[in-house]
Amino acid sequence: MKQNTPRTMLAKEGTVGQRTSTKRIWKNLLVLASVFLVNFTSFRAIQNLQSTLNSEAGLGVVSLSCVYASMVLSCLYAPFFIHKVGSCKWTVVVCLLGHALYTTSNFYPSWFTLVPSSVLLGAISGPLWTAQSTYLANSAQEYANVLQHGTEGAIAKFNGVFYFLHDLSGISGNLISSLVLSAGRQDIGKGEFCGAMDCGIRPELNWTSQYYVTNSSLSYNSTVLPNDKQRVVVYTLFGIFLGCNVFAILIAYLLLDKDVQRVASEPMQISQHLIRTFKVFKDFRFVLLTPLIFIFGMTYATVAGDYTKSYVSCVLGVQTVGYVLLCYRVTSSIFSLLSGHVNKYVGTRSLLVASAVATVALSGYMLWWEPEEKAVVRIYLVAAGWGATLAVWQTQLDALIGVLFLNNKEAAFAGMKMIHALGSAMAFAYSSAVCTDVKLFILLAVLAAGLVGYGVLEWRTHKEARDSHLKSLEQLGERNRNNQTLLDVDALIERETSL
């Protein structure tokens, strides 16, 4: 009979402790992902429909541009916002209230309701996504420490799981929008010139309006359906989406564990948080990654604004947008999950290069392709291709930032979201001003700059690792974290002695 020695008892206690810790970490990961799944069921569906539903004087794309332009600025104060709120959990809860207000404004879309709520939504988006990325990276780091695994692999794995569930929001949101809108008008968004030749030359008619654009107060009057029934269609859609926002707030409030913040020796002022964020932009690694992050934001806007308008609704009508993007989100979810596992075998570099090649191929095909009603299968296949490409961009860029800036994750993720938002804001801003083919050429030009920057980063990183006799990017990140800690201590001593 096997006896329990002190050593075996300690080993068992350690195993039980590991299981408890890992279960708690996984529970929080799944809760966080579920919160974003439910909340973005609303936002992503509304975003995908803005360029078509609210085409009145470009209101839809202008409001989206306001969201991302405001998000650029919000990323600057995101670390300070999180610090003042107290934790990443409560930051998520507070910021979700802004999403609920934005959805509410869509019940009566006008320049006086939609634009201000869009600005507010952007103002809380920076802290929201910075809190999410920080919470996720901290959880992955804790998970790696408990199991004594590599941090880079853990972050990639956690990002894969999170974005797999998060991307399901596109499936649920687009399915809801298409099912509800199928009860309304069927000709909204159709145009004579589609694809790369679409220059927005079509009647600026809102799907809820019976008149051409003259006054935003004419919303919800239809020539196809009785006025009351048209209102029911609209209010049902946004009522469901508002319910999703409220449910997400309740999940985060009740089920998400409060994260443990690092305790500083003294409270940091807003100026210190801003300086810390701006310091990220002086880091050569972040500078070289900036064009690649920017192109990710532009690509996201291209799919949400241009592909849905010029290649889907222009040919098939707005009621089909949800179904096409349903395919897009299914593919995105699958590849988000797969990329986290594939990363262990091929590495971040190979996946990012593959995404760049796919972006070039899809953009080139869209320049050549003239979509038509009988090409329904190709419309779905191109959407699926974009879903796979953007999923890999998202997971691998998050993993790369998490590894390179281990000791300054909040500021680094804030900077990343800022550049991403800037790319989306710019793409949405000129969306109604230029033709689709010009937008695709701009996209390819910025992608070329991004690949050059990333190539230089890889060369510099491997050279530094080789000179330092380090075997991996993760070890280099750990060394940089230790060096940054020493620099923070030196800065603190210098500040104290100067007083």
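The values are calculated or read from the model by the stated rules, or taken from the named source; none is laboratory data. For clarity, every value in this text was computed on a predicted model and none was experimentally measured. Here the Cβ positions follow ideal geometry from the backbone for every residue, glycine too, while neighbour counts run over all protein chains shown.
So which residues in segment 430-448 are in a loop (DSSP other than H, G, I, E, B) and not β-branched (Val, Ile, Thr)?
Taking segment 430-448 first, the residues in a loop (DSSP other than H, G, I, E, B) are 430-435.
Within segment 430-448, TYR430, SER431, SER432, ALA433, CYS435 meet the criteria.
Among the listed residues ALA196, ALA156, which satisfies the condition of being aliphatic (A, V, I, L, M), assigned to a helix (DSSP H, G or I), modelled with pLDDT under 80 and closer than 20 Å to LEU32 by Cβ?
Details: ALA196 fails: closer than 20 Å to LEU32 by Cβ.
That would be ALA156, the only listed residue that is aliphatic (A, V, I, L, M), assigned to a helix (DSSP H, G or I), modelled with pLDDT under 80 and closer than 20 Å to LEU32 by Cβ.
Test GLY239 against the stated conditions and say whether it is surrounded by fewer than 19 Cβ atoms within 10 Å (Cβ to Cβ), among the small types (Gly, Ala, Ser), at pLDDT 50 or above and within 27 Å of the chain's Cα centre (by Cα).
Values: surrounded by fewer than 19 Cβ atoms within 10 Å (Cβ to Cβ): yes; among the small types (Gly, Ala, Ser): yes; at pLDDT 50 or above: yes; within 27 Å of the chain's Cα centre (by Cα): yes.
Taking the combined requirement at face value, the residue satisfies it.
Among the residues in segment 7-18, are any farther than 17 Å from VAL119 by Cα, part of a helix (DSSP H, G or I), small (Gly, Ala, Ser) and modelled with pLDDT of 90 or more? Can you show your working first?
Step one: of segment 7-18, the residues farther than 17 Å from VAL119 by Cα are 7-18.
Going one step further and asking which of them are part of a helix (DSSP H, G or I), we end up with 7-18.
From what's left, small (Gly, Ala, Ser): 11, 14, 17.
Checking the rest, the ones that are also modelled with pLDDT of 90 or more come to none.
For segment 7-18, residues farther than 17 Å from VAL119 by Cα, part of a helix (DSSP H, G or I), small (Gly, Ala, Ser) and modelled with pLDDT of 90 or more: absent.
Inspect all residues belonging to segment 126-138 and state whether any of them is of a type outside the set (Ser, Thr, Tyr), more than 19 Å from THR91 (Cβ to Cβ), under 15 Å from the mean Cα position of the chain (by Cα) and at pLDDT 85 or above.
No, there is no match, as no residue in segment 126-138 is of a type outside the set (Ser, Thr, Tyr), more than 19 Å from THR91 (Cβ to Cβ), under 15 Å from the mean Cα position of the chain (by Cα) and at pLDDT 85 or above.
What's the total number of residues in segment 81-123 that are assigned to a helix (DSSP H, G or I) and more than 16 Å from ALA252 (Cα to Cα)? Step through it out loud before you land on a result.
First, the residues of segment 81-123 that are assigned to a helix (DSSP H, G or I): 81-85, 88-105, 114-123.
Those still in the list that are more than 16 Å from ALA252 (Cα to Cα) too: 81, 83-84, 101-105, 114-123.
Matching residues across segment 81-123 total 18.
With ALA358, ALA354 as the choices, which residue is surrounded by fewer than 21 Cβ atoms within 10 Å (Cβ to Cβ), part of a helix (DSSP H, G or I), touching a helix residue (DSSP H, G or I) at 6+ places or on another chain (Cβ under 6 Å) and without any contact (Cβ under 8 Å) to a residue 60 or more places away in the chain? Walk me through how you get there before you give the answer.
On the way: ALA354 fails: touching a helix residue (DSSP H, G or I) at 6+ places or on another chain (Cβ under 6 Å).
It is ALA358.
Can we say SER21 is surrounded by fewer than 21 Cβ atoms within 10 Å (Cβ to Cβ) and modelled with pLDDT under 90? Don't jump to the end; show me each part of the working.
Numbers: surrounded by fewer than 21 Cβ atoms within 10 Å (Cβ to Cβ): yes; modelled with pLDDT under 90: yes.
The answer is yes for SER21.
Is it fair to say LEU114 is out of contact with any Phe, Trp or Tyr (no Cβ under 7 Å at 6 or more places or on another chain), surrounded by fewer than 18 Cβ atoms within 10 Å (Cβ to Cβ) and either in contact (Cβ under 8 Å) with a residue 40 or more places away in the chain or of a type in the set (Gly, Ala, Ser) (or both)? If you could, list the steps in order and put the result at the bottom.
Numbers: out of contact with any Phe, Trp or Tyr (no Cβ under 7 Å at 6 or more places or on another chain): yes; surrounded by fewer than 18 Cβ atoms within 10 Å (Cβ to Cβ): no; either in contact (Cβ under 8 Å) with a residue 40 or more places away in the chain or of a type in the set (Gly, Ala, Ser) (or both): yes.
Considered against the rule, which asks whether it is out of contact with any Phe, Trp or Tyr (no Cβ under 7 Å at 6 or more places or on another chain), surrounded by fewer than 18 Cβ atoms within 10 Å (Cβ to Cβ) and either in contact (Cβ under 8 Å) with a residue 40 or more places away in the chain or of a type in the set (Gly, Ala, Ser) (or both), LEU114 comes out as no.
Applying the selection to segment 24-45, what residues are of a type in the set (A, V, I, L, M) and either modelled with pLDDT under 90 or outside any helix (DSSP H, G or I) (or both)? So that I can check it myself, show each step before the final result.
The initial filter retains those residues of segment 24-45 that are of a type in the set (A, V, I, L, M), namely 25, 29-33, 35, 37-38, 45.
ALA45 - this is the single residue of segment 24-45 that is of a type in the set (A, V, I, L, M) and either modelled with pLDDT under 90 or outside any helix (DSSP H, G or I) (or both).
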